[in-house]
Amino acid sequence: MDNTRLEELFESVGPIGIRKLFGGKGIYCDGVIVAVVVRGELMLKADEESIPDFEAAGCRQWTYTGSRHGKDVAMPYWSVPDNAFDDPDEMAVWARRAYEAGRRAGK
């Protein structure tokens, strides 16, 4: 996913910054991380307050297998509902949720 497309997807929350992170990209707004791109997939920040919305939309949580212990590690990032990629109003709702989760996390 190129940076121009990411800027389009997050334009509803304002200007974003994009940095290398986790072998992919970290997407920031006002210094708050709101999403990551991992293995070419956009994953939005979520927390206890917003996870039920992601689950209800059928989104997947980002997990990986830890190299030291071989156990799955769950990260606080969830896939974007498919319909949000083609609907700017729907994407704005999800981008705002991710931004708010990032603000609540204080990072």
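Coupling constants for the range 2-19 follow from the phi torsions by the Karplus curve (6.51 cos²θ - 1.76 cosθ + 1.60, θ = phi - 60°), and in residue order they are 7, 5, 5, 5, 4, 4, 5, 5, 9, 4, 5, 9, x, x, 10, x, 10, 10 Hz; glycine and proline get x. About its Cα centre, the dipole of the chain is roughly 780 debye, where the only charges are +1 on Lys and Arg Cβ and -1 on Asp and Glu Cβ.
The long axis of helix 88-105 is offset from the longest Cα principal axis of the chain by roughly 50 degrees. Based on the Cβ-Cβ distance of ARG19 and ARG68, what FRET efficiency does E = 1/(1 + (r/R0)^6) give at R0 = 25 Å, to the nearest 0.05? That pair, ARG19 with ARG68, gives E of 0.45.
Considering the options ALA57, ALA84, GLY70, tell which one lies farthest towards the positive end of the dipole of the chain, charges being +1 on Lys and Arg and -1 on Asp and Glu at the Cβ, about the Cα centre. The listed residue farthest towards the positive side: GLY70. Backbone geometry of the range 30-44 corresponds, through the Karplus equation with coefficients 6.51, -1.76 and 1.60 at θ = phi - 60°, to 3J(HN,Hα) couplings of 6, x, 9, 6, 10, 6, 9, 10, 10, 6, x, 10, 7, 10, 9 Hz, x marking Gly and Pro.
Laboratory data are not the source of any read-out in this text; all were calculated from the coordinates shown. In this text the structure is predicted, and so the values were computed from the model without any measurement. Cβ sites come from the backbone with ideal geometry, for glycine too, and all protein chains shown count toward neighbours.
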